[in-house]
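A short worksheet on the structure shown next.
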Amino acid sequence: MTGEASSRATERLGPGQADIERAAAILAAGGLVAFPTETVYGLGADGRSARTVASLYAAKERPRFNPLIAHLPSAEAAMREGLFDDDARRLAQVFWPGPLTLVVPVSPACTVSDLARAGLDSVALRVPAHPVASALLQACGFPVVAPSANRSGRVSPTEAAHVLEDLSGRIDAVVDGGPTRVGVESTIVACLDGRPRLLRPGGVSREAIEEVLGRRLDEAGEAGGKPIAPGALASHYAPRAQVRLNATQVRPGEAALSFGPDVPGDAAARLNLSPAGDLAEAAANLFGYLRRLDGAGPATIAVAPIPGSGLGEAINDRLRRAAAERP
Ligand code: TXA
Ligand code: MG
């Protein structure tokens, strides 16, 4: 099941226990299985096996210097893979299971392969809160590394159908657990040098994390003279269309993505992330709506201004990358 990324039949599995056991067996045999988490769908592989991880990078066309998140069924299991300081412990206690990833130094007992960690001496760990993800991780009993289940650089998948659009024929199976609840990826916090840093805004707000820590998060920056956010590529989450931010008026030929009041003007297609101006609703709709508007084939998607607080920080981060110049 490993090796070349091309042409394999992709099985569609459901969320029942028998199918979850089938998915775990495929993973244990070195296959690639997409599964739902509460944030986005992940493309899972056995994190212990460099060979399997190599096939995952190939299926996603992901650069190998961008390390992966290891998913575990419990904080206890995660704490065997990494070394947790007091801050990391407190964050794990409050936010796991949930949309938070902690980057910590590898423990001597760490089983996540070097390739999955891109050779770093740290490891990214996450305990997801989705019942299907939990059951699958429980059934596996090894760390499952899982990037978002899209081709590298594209919009992240929040439904099984999105996974198949990008990866059908390149992965062994997808477990369909319906649309995801949070809709943006996990928040990533590095606890490496006694100064917790926000590497990526996500499903847990900066404000909520700072409240638990009792202090402000540092920016990504460096630890011990090395940059600590290796995968933060500027262009990412990109639909085919160009993306224009902070639009207050639709221009001819554009599609419109509103938040709160509709962006005025004659749009080729239009959707509203949250007519009521609710950031959680907007986050849940973000990637699916970008895909739908993109499907209408406009040259540009004009996006309304969205507040930057709470979940708005993650939404604006994804939109900025979607709008960034493409390589
Ligand atoms: O919500 C999520 O986090 C989803 C679901 C599937 O769990 N996963 C996800 O994975 O977003 P991915 O591969 O798209 O993003 C992982 C990010 C990358 O930006 C990578 O650079 C960072 O985590 N990362 C992983 N290991 C790291 C490490 N040791 N140090 C710093 N950053 C790391
Ligand atoms: Mg991703």
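The values are calculated or read from the model by the stated rules, or taken from the named source; none is laboratory data. Small disclaimer: the values here were computed from a predicted structure and weren't measured. All Cβ positions, glycine included, derive from the backbone under ideal geometry; neighbour counts span all protein chains shown. Ligands, DNA and RNA are excluded from the accessible area calculation, which covers all protein heavy atoms including side chains. Shrake-Rupley method; radii C 1.70, N 1.55, O 1.52, S 1.80 Å.
A few remarks follow.
- Heavy-atom accessible area per residue - the chain, 1.4 Å, Å²: 40
- Net +/- balance of residues flanking residue 249 in space, Cβ distance below 14 Å, scoring K and R +1, D and E -1: 0
- Residues with amide H under 5 Å from that of residue 302, placed H, sequence gap 5 or more: 244, 255, 256, 257
- Here the convex hull built on the C-alpha positions of the chain has a volume of 122 cubic angstrom per residue.
- Under-5 Å amide H pairs with residue 145, H placed in peptide plane, nonlocal only: 45, 47, 71
- Relative contact order for the chain, counting Cα pairs under 8 Å that sit 6 or more residues apart, in percent: 20
- Summing +1 for each Lys or Arg and -1 for each Asp or Glu among the other residues whose beta-carbon sits under 14 angstrom from that of residue 292 gives 0.
- Angle of helix 86-95 to the longest C-alpha principal axis of the chain, folded into 0 to 90 degrees and rounded to 10: 60°.
- Shape category assigned to segment 233-327 from the gyration tensor of Cα positions, a/c cut at 1.5: oblate
- Long-range HN-HN contacts of residue 238 with modeled amide H, under 5 Å: 154, 155
- Carbon plus sulfur fraction of accessible area for segment 170-327, probe 1.4 Å, in percent: 51
- Net charge of Cβ neighbours under 12 Å - reference residue 101; Lys, Arg +1; Asp, Glu -1: +1
- Taken about its Cα centre, segment 1-77 carries a charge dipole of roughly 280 debye when the Cβ of each Lys and Arg holds +1 and the Cβ of each Asp and Glu holds -1.
- Each residue of segment 198-210 was assigned a 3J(HN,Hα) from its phi angle through the Karplus curve 6.51 cos²θ - 1.76 cosθ + 1.60 (θ = phi - 60°); the sequence is 8, 8, 8, x, x, x, 9, 6, 3, 4, 5, 5, 5 Hz, with glycine and proline shown as x.
- With every protein chain in place, segment 73-167: carbon and sulfur % of accessible area (1.4 Å): 50
- Using only side-chain charges placed at the Cβ, +1 for Lys and Arg and -1 for Asp and Glu, the dipole size of the chain relative to its Cα centre rounds to 620 debye.
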